[in-house]
Amino acid sequence: MDLRLPLTELVTKVNGAFGAILTDSDGEAVSVFALPDQTDESPYTGKERLQLIGAYHIITLRSCLSLSQRFNTGTVNHLICRFASATVLIKALKNNYALMLAMRADGHVGKGLLYLNEIAEIINQDL
């Protein structure tokens, strides 16, 4: 399966979303879909910027997973990282992969999580 297709579907279904990325356990981009840059000023748009966002957030996810194991608090399934100008939704997948959706700060987090979970199931079947 072309993994760019479900990422494209995810971004187009969520108002305010501007990119999605599937990363492996090392934070390397397996597949990326990004809307074209709207301005040159925003640090959160474009394929290259999404790859950096993915790399940094996989480190955060791995740290949270490690802490949850260490303190026996249960499995981490999602992370929601809110910033002044963007929100990043992260879903842990099997085989240490992760799916991330980047959206404007005013984007609909609930809708983002709903579609993130749906697309995660499709991708998990392909991993």
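Taking the residues in region 108-117 that are more than 12 Å from the chain's Cα centre (by Cα) and touching a residue at least 12 places away in the same chain (Cβ under 8 Å) as candidates, determine which candidate is most open to solvent (accessible area, probe 1.4 Å).
Start the filter on region 108-117 by keeping residues that are more than 12 Å from the chain's Cα centre (by Cα), which leaves 108-111, 114.
Okay, now just the ones that are also touching a residue at least 12 places away in the same chain (Cβ under 8 Å), so 108-109, 111.
Details: 108: 110, 109: 29, 111: 64 Å².
For region 108-117, the residue satisfying everything is 108.
Just to check your reading of the model, which residue among 80, 58 is free of Cβ contacts under 8 Å to residues at least 40 places away in the same chain and either over 20 Å from residue 3 (Cβ atoms) or touching a strand residue (DSSP E or B) at 6+ places or on another chain (Cβ under 7 Å) (or both)?
Details: 58 fails: free of Cβ contacts under 8 Å to residues at least 40 places away in the same chain.
Result: 80 is the single residue among 80, 58 that is free of Cβ contacts under 8 Å to residues at least 40 places away in the same chain and either over 20 Å from residue 3 (Cβ atoms) or touching a strand residue (DSSP E or B) at 6+ places or on another chain (Cβ under 7 Å) (or both).
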Q.
Looking at residue 30 and the list (1) surrounded by 15 or more Cβ atoms within 10 Å (Cβ to Cβ); (2) farther than 19 Å from residue 2 by Cβ, which single condition is not satisfied?
A. (2)
(Q) Looking at residue 119 and the list (1) touching a Cys at 6+ places or on another chain (Cβ under 7 Å); (2) closer than 12 Å to residue 17 by Cβ; (3) in a helix (DSSP H, G or I), which single condition is not satisfied? (A) (1)
**Q.** Subset tally (residues that are touching a residue at least 60 places away in the same chain (Cβ under 8 Å) and assigned to a loop (DSSP other than H, G, I, E, B)) for region 5-31
**A.** 5
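Go through region 5-29 and give me each residue that's more than 12 Å from the chain's Cα centre (by Cα) and either closer than 23 Å to residue 85 by Cα or at pLDDT 90 or above (or both).
Initially, region 5-29 is screened for residues more than 12 Å from the chain's Cα centre (by Cα), giving 5-6, 8-9, 12-16, 25-26, 28.
Result: 5, 6, 8, 9, 12, 13, 14, 15, 16.
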**Q.** Residues that are out of contact with any helix residue (DSSP H, G or I) (no Cβ under 7 Å at 6 or more places or on another chain), closer than 17 Å to residue 51 by Cα and among the hydroxyl-bearing types (Ser, Thr, Tyr), drawn from region 79-127
**A.** 97
Q) Within region 66-92, how many residues are open to solvent by less than 70 Å² (accessible area, probe 1.4 Å), closer than 18 Å to residue 120 by Cβ, among the hydrophobic types (A, V, I, L, M, F, W, C) and part of a strand (DSSP E or B)? A) 6
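The values are calculated or read from the model by the stated rules, or taken from the named source; none is laboratory data. These numbers come from a predicted model, not from an experiment. Positions of Cβ are generated from backbone atoms using ideal geometry, with glycine treated the same way; all protein chains shown enter the neighbour counts. Please note that ligands, DNA and RNA were not included when accessible areas were found on the heavy atoms of the full protein model with its side chains. Shrake-Rupley method; radii C 1.70, N 1.55, O 1.52, S 1.80 Å.
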